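The values are calculated or read from the model by the stated rules, or taken from the named source; none is laboratory data. None of the values given here were measured: they were computed from a predicted structure. All Cβ positions, glycine included, derive from the backbone under ideal geometry; neighbour counts span all protein chains shown.
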Amino acid sequence: MSDSESSMPFGPLFRAQRTLIDQTIETQRTLQRQSIELTRRSTKTLFGVLPGTGRAATRVDDALDSVETTSDNLLDEVQERADTSVDSAENVAETAANATEETADEFETAASETADAIEAAVEDVEDVTGEAEDDAEETVQATIDAADESVEAAEAATEVAEEAVDEAEAADEESTEEPEPEPEGTPVGELKGIGSTYSTRLEDAGFGTVEALAAAPVAEIAAAAQVGEDRAAEWVERAQQD
């Protein structure tokens, strides 16, 4: 604080102006950091449930860090400009206060210019903050779009892999299926008097060979082939003679 701040009646005015500038810059800085942090958390939550987005998440973090650094630098520059304007106005006011009453109008003009400069500085802060937020939103949206494309590609690859696995399993099942064993002995259908209908019935009942027919009871053969026992007895006898 300069000696003029305590000696001249306008000291409280300039202190208030500096306080207003500091509070405005700090408020904008806090809002900007909160916005960036919220965006960072949102993207981390999104990338946490999407496969293959690690590199995209890193790019978003780098972009947000860059936005935060740029925003801080711009806010520092705006604050420096505003402080310079207040210092300049204070010097003018000090000179005017030490002059005659004829310079009162000049001092009033200087005070008005100072107020205008402060207002312009505040507007610069708001503009810088808005531009930084827009840049951050565009960067995050572009990264999210890229992540969506990566997810779609991963899903397509997964579908192809699942189809390949299904085909492999089907081929494996076909290769491991055991062929039905061929009946040992002479097929019963080759015996005279037994056509395809009767041979099928006998095969279903377990008498698919001439050897099995020869060893079976007549009653069981008759029941299996759905014929009379006399006819079944002839088949058994032929089988035993064959």
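Below are the figures for this structure:
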item: Filter result for Ala154 (in a helix (DSSP H, G or I), of a type in the set (Gly, Ala, Ser), at negative phi and modelled with pLDDT of 75 or more); result: no
item: Enumeration of residues in region 36-56 that are buried (at least 18 other Cβ atoms within 10 Å of the Cβ) and free of Cβ contacts under 8 Å to residues at least 60 places away in the same chain; result: Arg40
